[in-house]
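A quick write-up on the structure given underneath.
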């Protein structure tokens with residue numbers, strides 16, 4: 001997997017591909033559009049920060065990208081399968097196989113040990129109990145919680161709970177990790193550590209990371225930044241490095257109407273920084289300098305790609 | 001999701017809310033226990049009545065005027081002792097024929113009295129019916145021929161009149177006429193609420209003189225063999241019809257009596273079970289209610305499970321199993337409670353109760369079915385929840 005994106009050829013299949021996707025809610029007979037035509041591609045190994053004011057459609061987009069919801073218009077392909085053609089059970093299986101979710105509120109099962117929480121997705125994959133526990137324990141080890149297997153959520157700190165949730169999201173070896181403000185309920189030190197963990201996992205395992213965030217610093221560390229407003233993508237840095245002048249040239253993140261400056265962030269952050277700013281708050285980076293290893297290893301893998309191969313795709 | 005896993009999850013969920021689970025189960029426990037207890041009482045009563053009818057003796061044929069049927073009006077008997085003689089000739093053995101003329105009567109001894117059933121009978125009665133004596137002797141042919149005023153007392157009559165003395169040899173009076181006690185029956189117990197130990201047997205001739213009548217109420221025949229009992233009955237009915245033109249007679253066997261009684265008691269048992277079933281139904285509604293609460297409470301959990309790949313069916317099965325587990329555990333507990341109570345009732349009260357395997361199987365089956373029926377709606381509701389909405393729930 002990590003070697004996958006290295007040859008920057010157009011043949012690399014997208015993990016998720018959305019073409020002119022819209023989502024309209026019916027509230028008391030009134031149509032409320034939450035997404036109005038979003039086109040983007042998430043490639044394997046991508047590190048995407050999704051930013052935008054509340055109500056801009058970030059969460060709706062995340063739900064769609066994760067197969068939790070279906071678009072009311074456009075085409076959405078997850079893991080090579082068109083969501084529109086899938087039944088509810090098939091969609092559930094697709095989620096199980098290709099998507100990992102990390103929520104702001106952790107969403108761990110209460111009264112359930114860390115290892116059983118992590119093993120939960122494997123239950124629905126039909127993996128036997130013994131193998132489930134082994135894989136869950138190994139995954140907890142990777143997030144630094146090998147010593148907390150039997151602890152219940154209420155016996156863990158917030159940061160630890162989110163690490164358990166991350167382990168749960170990754171135990172199925174998904175291609176895309178969707179994190180909806182994963183640090184939103186954590187203090188800055190803990191949040192930074194969790195963020196570092198996510199980046200490291202993104203770099204090591206090649207899982208694509210799509211993260212909703214309000215934090216501009218966090219967004220700046222991502223390899224790619226997508227800004228949303230009023231249900232459309234107003235900026236997608238994947239298109240910018242190659243041809244900053246023509247963001248709407250039919251490339252990945254083509255928004256319908258590209259306002260020159262998204263209210264939040266601005267053009268300065270559109271250019272992806274090759275590595276996140278070296279902000280090692282927790283300092284417990286296992287071995288490698290934070291940002292350095294995660295950023296550098298990931299950068300070589302993912303940074304060159306978004307601009308060129310995706311552009312060639314069209 | 002594997003079934004074993006689903007069971008474990010369901011069990012965990014019940015454990016998480018112990019008190020609520022227990023209270024919900026209580027409804028099912030009471031329902032199942034009442035089904036088991038009431039069916040046991042109905043069955044026990046039926047069994048006891050059957051035993052008593054069979055205990056009358058074997059190969060019995062009862063000859064009565066009119067038609068023996070549920071709800072048939074009792075007819076005034078046209079039968080006399082001459083008819084009994086005629087029946088004896090048909091049967092070919094006078095010892096196999098017994099008669100009775102019965103009436104309620106107050107029996108006195110000293111300053112004590114007891115209301116009993118006075119039966120005028122032949123000396124053949126013990127060879128036709130099974131009746132054991134506790135003390136003394138039974139009637140003889142000469143007692144009957146000479147209308148001797150002697151009596152054999154049922155156990156409860158003996159106890160009421162002579163609580164502290166041996167009744168044999170004592171005097172009793174019926175309607176001012178004195179009889180001498182020559183024997184006491186062994187206790188028989190009750191049948192359909194009728195005390196069968198309240199009988200007083202006297203010679204049929206003495207009873208007829210006492211009441212100023214020639215009639216006998218019925219004739220009983222002990223058939224020589226079982227195979228030809230129906231044919232014998234037909235010949236007896238034909239002979240009696242010849243002697244009393246225009247009067248209808250019936251000769252019924254124990255099997256037929258048992259059949260009629262069995263029908264009545266079967267209906268009784270069914271009604272009892274239905275009443276108990278209503279409480280089981282109410283328990284089921286309680287299960288349904290608590291499952292809906294449970295689904296609502298765990299909406300976020302459902303959303304999370306769906307997010308990580310649970311199919312609607314996985315969620316539905318999980319909640320259905322939870323409901324079935326509730327009612328099954330309740331059902332088993334209710335069965336144990338019902339069996340225990342029924343055994344106590346049988347041992348400590350005059351009400352008979354008999355546990356039947358089918359009633360246990362039925363009670364458990366019904367309680368599990370109640371879980372499915374009343375769990376299906378909440379389970380479907382859980383399975384269909386929109387994961388996005390579920391994850392956002394408070």
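Bear in mind these aren't lab numbers, they're just calculated from the coordinates by the rules spelled out. Bear in mind that the values here come from a model prediction, so they are computed numbers and not experimental data. A quick note on method: Cβ atoms are made from the backbone with ideal geometry, for glycine too, and the neighbour counts reach across all protein chains shown.
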Two-site label geometry, residue B:178 and residue B:230: point separation in nm, points 7 Å out along Cα→Cβ: 5.4
The protein assembly as shown: antiparallel DSSP beta bridges as a percent of all, rounded to 5: 70
In nm, spacing of pseudo-spin labels at residue B:358 and residue B:164 (7 Å Cα→C-beta vector): 5.3
Packing-based order for B:208-214, A:33-39, A:78-84, using average beta carbon neighbours within 10 Å, highest first: A:33-39, A:78-84, B:208-214
Prolate/oblate/rounded call for the protein assembly as shown, Cα gyration tensor, a/c under 1.5 rounded: prolate
For chain B: relative contact order, % (alpha-carbon pairs under 8 angstrom, 6 or more apart): 29
Residues in the range B:342-380 reached by a label modelled at residue B:20 [backbone nitrogen below 15 Å; 7 Å Cα→Cβ]: B:378-379
Percentage relative contact order, the range B:142-290, counting C-alpha pairs under 8 Å, at least six apart: 20
FRET efficiency for residue A:155 and residue B:11, using Cβ-Cβ distance with R0 set to 22 Å, rounded to 0.05: 0.50
Extension gain from residue B:278 to residue B:145, taking 0.36 nm per residue of separation minus the Cα-Cα distance: 41.8 nm
Reference-scaled alpha-carbon Rg (2.2 N^0.38 Å with N residues) for the range B:302-342: 1.78
Beta bridge orientation in the range B:79-246: antiparallel %, DSSP, nearest 5: 75
Peptide B:378-391, shielding by other chains (average Cβ, 10 Å cutoff): 2
Mean-position separation - Cα centroids, the range A:20-56 and the range B:1-53, in angstrom: 52
Gaussian network model of chain B, springs between alpha carbon atoms under 10 Å - residue of B:65, B:245, B:312 with greatest fluctuation: B:245
Separation in nanometres of the label points that stand 7 Å from Cα toward Cβ, at residue B:255 and residue A:20: 8.6
Hypothetical label at residue B:389: residues of the range A:51-84 whose amide nitrogen lies under 20 Å (7 Å Cα-Cβ projection): A:59-73
Convex hull volume of the range B:203-334 per residue (C-alpha atoms, cubic angstrom): 271
Förster-model FRET efficiency, 56 Å R0, residue B:248 and residue B:369, C-beta, rounded to 0.05: 0.70
0 to 90° range, to nearest 10: angle between helix B:357-384 axis and chain B longest Cα axis: 20
Residue-averaged [θ]222 nm for the protein assembly as shown, counting only DSSP H segments that reach four residues, each worth -39500 (n - 2.57): -15000 deg cm²/dmol
Additional length obtainable on full extension of the chain from residue B:2 to residue B:111, 0.36 nm per residue less Cα span: 31.1 nm
Whole-Å distance, taken between Cα centres, linking the range A:126-159 and the range A:160-209: 15
Per-residue average of Cβ from other chains inside 10 Å of B:310-317: 4
